[in-house]
Each structure stands twice: as structure tokens, then as C-alpha cells.
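K.L.:
Let me give you the structure first, and then I'll get to my questions.
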Amino acid sequence: MKKFLIGVYMDIEKFIEILDADFYTGVPDSQLRALCDYLMDKYGVNKKNHVIAANEGNCVGIAAGYHLATGKVPVVYMQNSGEGNVINPVASLLNEKVYAIPMIFIIGWRGEPGIHDEPQHIYQGEITLQLLKDMGIEYFIVDKESSFEDIAVAMRSFRQKLSHGKNVAFVVRKNAFFYHKNTEYKNNNTLIREEVIKHIVNVSKDDPIISTTGKISRELFEIREENHQSHKYDFLTVGSMGHASSIALGIALNKPNRKIWCIDGDGALLMHMGALPVVGTSEVNNFIHIVMNNAAHETVGGMPTVAGQIELSDMAKACGYETVFTVYNVEMLKEALLEAKNCNNLTFIEVKCAIKSRKDLGRPTTTPIDNKMNFMEYIMA
């Protein structure tokens, strides 16, 4: 007889069985790693059952289309930081006062009050449940003590609401889910992201760098520590996934005599890709936009992005970037960085890199406020 309780964890397969849904779309989250790995093992990314979207608002749109085409109830999964991206479509598309489109949300609860987490998650964690209440979404909190009967009872109640075009949510606490298998994600690229950032630091000298959320900012911080360099040169965008290039643009427009570097990720670029043509048509010539493309959401587990199926460099060129590079090895990287440093063109560098990072990779030891103040003091001097 198959058992579904593993110690004090909930087996994700039984949880999915209780939901009884056949379409999932979402943005990966480390808190939902068991769910993400299970969906990849069961469905992969096959469009009919599972779509990894660019951002959480896209998820809602895709799921709404699924409901309109089938009459069935879809499931959207995301980290709670994605609530901000779904507020508009939930309020103006799903709500029963508009189209009454039912949806089940599975939300990883980062920054839960009383649980240690990184600074970018603290306030989001505090307002997670209130945001759901404000959007009229009834929720059930899943933790290590939740039984399958608890989930079944919650779903019976939820189905009544779903039948009337309402939305419901499972808010998942840390370590609530279990999946018996850790899925490994890899690609064929050889460049290691941290080594690439070391080259960027060497070439950029004392130019300001704006780095995206996740492991990129963590690696940049540790490289400065290793080099015994000041952190004043860097603005670490520890949250706000997808907005680093817009922050960098705002700085570049107001500091035209400074070369501004942005180290981005493929998942972050895709999340708010509308920034690309805005940057491309901004007429700045002091902006170097570097995208680390490993075609994966590596920071939260490694699930794939669509960046492995498209050419980001071609898109940048179409959006107005004047100088564009795609690099696959160290020699190409060095050449691109030196040309970007020495030219006066808006530049885009796509770096094809591996899905790989150190297991002992640390986190910034300074606070976001300290980071902001040191950076502003430097750049405004």
C-alpha cells in the first residue's frame, strides 16, 4: 500500500490528486520545489498540461484562456512575491463582478512572520494573507502538520466557491511539501556565471553596476569581498525581479557621463520584457546590459525558461540596442566586455552560461538600506 505521509511532510502527489486538475501554469519558487519538480517529471513543459510563464500575470491570462476554452478550473503556482503581478488581472479579469473566472492558486509563503528570511521577503510575507483577503480570495494554509483530510475538506469547500466563479488559494509554508525525487536541470553551456561576473568586475573598474535578484547579486557581493573591494559600486536588486534594467536606465539617463552596467538574468529579463524596447529607444549611450542566459530559473531550483528556445540578442537588436554580442566562451566574453567598455553605444551582451553555482555561496551581509546609501553617496559624488 502506497504511503503519502513522509515523516511530517506532505507528499505532493497526493496533494495534486486531491486538487483533481489537469492544467498548471506558474513561475517557479524554491518553497514550491517539490511541486515544480513533480510537474516537470509528470508533464515537462508540454503546453497542454503545464506552462512555465514569464510572470505571474501571464499565468493568470493563460489560465483564464484555458478555462474559457474548456470550462475547467486551472491551477496557478507562484511565490508570494508574484501577488503584485496578479492583482490587476485578478481584479479586472477573474473577479465575479467582471468575468467570474475560477482559479486555484498555490502560493509559496516566503517571509512568513516569525520565520527567518531574506530582507526582500519580509514585508511581502507580512502582507501576503491580507492581499488575498483584499482580492476576495479565500485561502487555506498548508504546513507540515496539515493532513490530507484537511486538504480534502478545504477542497470540498473551495469547489463550492469555484463553481460560482470565485478564486481560492493554498498558501504553502516552508518545508510543507515533499517529493521523493530531486530533479536535476542542466544545459550544454560551459561558461560559469560567477567567473563571468569576475571578468565584468575586472573590466568595469569603478563603474556602477546594477545587478538583478537571486544568485547574480549574491555572487557579485562575494566577488567584491574576495577582492577586498568596496560595495559602493554596486546596487544589488535583491527583490523586484525583472526591474534591474529599468533601475539601471533611470541611473544612466541621469548620469550621462558615467558608464552604467546592468547584470541581468534570462528569467528576470523575460519577466518584464517590456523594458527592453524602452531601454532600446532611450538614446542612452552609456548603458551596458549583460544578460546571463542559462535558460533556467536557477535561483529557485532550475526549472527552464523559454530563453533557450529564442535569441535574446536578436530581440535586443530589434528593440534598438546598437551594439549586440552573444558569447559562448571566455575569449568572446573578454572581447565583448572590452569593446563595450570603450565604445559609446547602447550595448547588449548575451552570455550563454551553465546552470551551476557554488554550494557554499553566501548572501550579502550588508542591509539593503546600507547598500542604497553607500551606492547613492558614491554615484552622487
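K.L.:
Helix 33-42 against the longest principal axis of the chain: what's the angle in degrees, Cα atoms only, rounded to the nearest 10?
P.N.:
Tilt relative to the chain: about 80 degrees.
K.L.:
Taking loop as defined by DSSP and a crowding limit of 16 other beta carbons within 10 Å, which chymotrypsin sites (Phe, Trp or Tyr not before Pro) in the range 42-95 fit? Each step should come with its number before you reach the end.
P.N.:
Values: sites: Tyr43, Tyr66, Tyr77; in loops: Tyr43.
Of the chymotrypsin sites (Phe, Trp or Tyr not before Pro), the ones in loops of the range 42-95 whose Cβ has at most 16 other Cβ atoms within 10 Å are Tyr43.
K.L.:
Another question about this same structure. Just how far, in whole angstrom, is the range 43-67 from the range 298-312 if you go by their alpha carbon centroids?
P.N.:
15
K.L.:
At most 14 other Cβ atoms within 10 Å and a DSSP loop assignment: could you name the GluC sites (Glu not before Pro) in the range 109-192 that fit? Intermediate results must be reported in sequence, preceding the final value.
P.N.:
Numbers: sites: Glu126, Glu138, Glu145, Glu149, Glu184; in loops: Glu145, Glu184.
Answer in residue order: Glu145, Glu184.
K.L.:
May I pose another question? How big is D for the range 326-373, in µm² s⁻¹ as a whole number, if Stokes-Einstein is applied with the Kirkwood radius of its Cα pairs at 10 °C and 1.306 mPa s?
P.N.:
Numbers: Rh = 13.9 Å.
Rounded to a whole number, D works out at 114 µm²/s.
K.L.:
If you build a Gaussian network model of the chain, linking Cα atoms that sit under 10 Å apart, which residue out of Gln120, Gln79, Gln309 swings the most?
P.N.:
Gln309
K.L.:
Per DSSP H run of at least 4 residues, take -39500 (n - 2.57); add these up for the chain, divide by its residues and hand me the 222 nm value, nearest 500 deg cm²/dmol.
P.N.:
Details: 14 runs with 151 residues, N = 381.
Taken over the chain, the calculation gives -12000 deg cm²/dmol.
K.L.:
What net charge do the residues around Ala176 carry, taking every other residue with its C-beta under 10 Å from that of Ala176, with Lys and Arg at +1 and Asp and Glu at -1? Working shown, then result.
P.N.:
On the way: positive: Lys144, Arg173, Lys174; negative: Asp143, Glu145.
Value of the local net charge: +1.
K.L.:
Need the list of lysines near Lys198 for cross-linking: C-alpha distance under 20 angstrom, and skip anything on the same chain fewer than eight residues off.
P.N.:
Partners within reach: Lys215, Lys232, Lys259, Lys334, Lys341, Lys352, Lys356, Lys359.
K.L.:
Right, another one. Given Cα pairs under 8 Å that are at least 6 residues apart, what percent is the relative contact order of the range 8-178?
P.N.:
On the way: 309 pairs, mean separation 49.0, N = 171.
Computed value for the range 8-178: 29 percent relative contact order.
K.L.:
What residues qualify as long-range amide H neighbours of Phe235, i.e. H under 5 Å apart, gap of 5 or more or another chain, H built at 1.01 Å from N?
P.N.:
Close amide H contacts, sequence-distant or interchain: Ile209, Ile210, Ser211.
K.L.:
Which value, in debye to the nearest 20, describes the size of the charge dipole of the chain about its Cα centre when Lys and Arg Cβ atoms bear +1, Asp and Glu Cβ atoms bear -1, and nothing else is charged?
P.N.:
460
K.L.:
Could you pull out every residue, at least 5 positions away or on a different chain, whose amide H is within less than 5 Å of the one on Gly242? Hs are placed 1.01 Å off N in the peptide plane, and Pro or chain starts have none.
P.N.:
Those lying under 5 Å, H to H, from Gly242 are Thr213.
K.L.:
How far, in degrees from 0 to 90, does helix 119-134 lean away from the longest principal axis of the Cα atoms of the chain, to the nearest 10?
P.N.:
40
K.L.:
Among Val45, Phe15, Gly84, pick out the residue whose Cα is farthest towards the positive end of the charge dipole of the range 8-178, where Lys and Arg carry +1 and Asp and Glu carry -1 on C-beta, about the Cα centre.
P.N.:
Result: Val45, furthest along the dipole toward the positive end.
K.L.:
Same structure again: If you place +1 on the Cβ of every Lys and Arg and -1 on the Cβ of every Asp and Glu, how big does the dipole about the Cα centre of the range 193-379 come out, in debye to the nearest 20? The partial results should precede the final answer.
P.N.:
Working: 19 positive and 23 negative charges, 56 e Å.
Dipole magnitude for the range 193-379 comes out near 280 debye.
K.L.:
Determine the dipole magnitude for the range 125-173: charges of +1 sit on the beta-carbon of Lys and Arg, -1 on that of Asp and Glu, nothing else is charged, the reference point is the Cα centre, and the result goes in debye to the nearest 20. Could you put the intermediate results ahead of the total?
P.N.:
Values: 7 positive and 7 negative charges, 50 e Å.
That gives the range 125-173 a dipole magnitude of about 240 debye.
K.L.:
Still on this model: Between Lys48 and Ala381, what FRET efficiency follows from the Cβ-Cβ distance if R0 is 45 Å, with the result rounded to 0.05? Spell out each step's value before the answer.
P.N.:
Details: r = 56 Å, r/R0 = 1.25.
After rounding to 0.05, the efficiency reads 0.20.
K.L.:
Among the DSSP beta bridges whose two residues both lie in the chain, what percent are antiparallel, rounded to the nearest 5? Each step should come with its number before you reach the end.
P.N.:
Working: 4 of 52 bridges.
Looking only at bridges with both residues in the chain, the antiparallel portion is about 10 percent.
K.L.:
Please turn the phi angles of the range 15-28 into ³J(HN,Hα) values with the Karplus equation 6.51 cos²θ - 1.76 cosθ + 1.60 (θ = phi - 60°), one per residue in order, whole Hz, x for glycine and proline.
P.N.:
For the range 15-28, the Karplus curve yields 4, 5, 4, 5, 5, 6, 10, 10, 9, 10, 9, x, 10, x Hz.
K.L.:
Using only Cα atoms, find the angle between the long axis of helix 56-70 and the longest principal axis of the chain, and express it within 0 to 90 degrees, rounded to the nearest 10.
P.N.:
Helix 56-70 sits at roughly 40 degrees to that axis.
K.L.:
Residues in the range 165-208, backbone N under 18 Å from the label point at Ala100 (7 Å along the Cα-to-beta-carbon vector): list them, ranges by number please.
P.N.:
Answer for the range 165-208: 165-168.
K.L.:
Also, quick follow-up: Using the Kirkwood radius over C-alpha pairs as Rh, can you work out the diffusion coefficient of the chain via Stokes-Einstein at 20 °C, viscosity 1.002 mPa s, in µm² per second? List each step's numbers first, then the result.
P.N.:
Details: Rh = 21.8 Å.
Once the numbers are plugged in, D ends up at 98 µm²/s.
K.L.:
If you don't mind, another one. What residue among Tyr99, Tyr38, Tyr139 has the largest mean-square fluctuation in a Gaussian network model of the chain, using Cα springs under 10 Å?
P.N.:
Checking each option, the largest mean-square fluctuation is seen for Tyr99.
K.L.:
Near the amide H of Asn187, under 5 Å away, which other amide H atoms are found, from residues 5 or more places off or on another chain, if H is placed in the peptide plane?
P.N.:
Ile355
K.L.:
If you don't mind, another one. Students often forget the sequence filter, so: which lysines lie under 25 Å Cα-Cα from Lys144 once same-chain residues fewer than 8 apart are removed?
P.N.:
Lys2, Lys3, Lys14, Lys42, Lys133, Lys174, Lys181
K.L.:
Here's another thing I want to ask about it. Once you place label points 7 Å from the Cα toward the Cβ at Lys14 and Asp370, how far apart are they in nm?
P.N.:
4.5
Where a number appears in this text, it was derived from the coordinates with a stated rule and is not lab data. Given the structure is predicted, the values throughout are model-derived calculations rather than measurements. Positions of Cβ are generated from backbone atoms using ideal geometry, with glycine treated the same way; all protein chains shown enter the neighbour counts.
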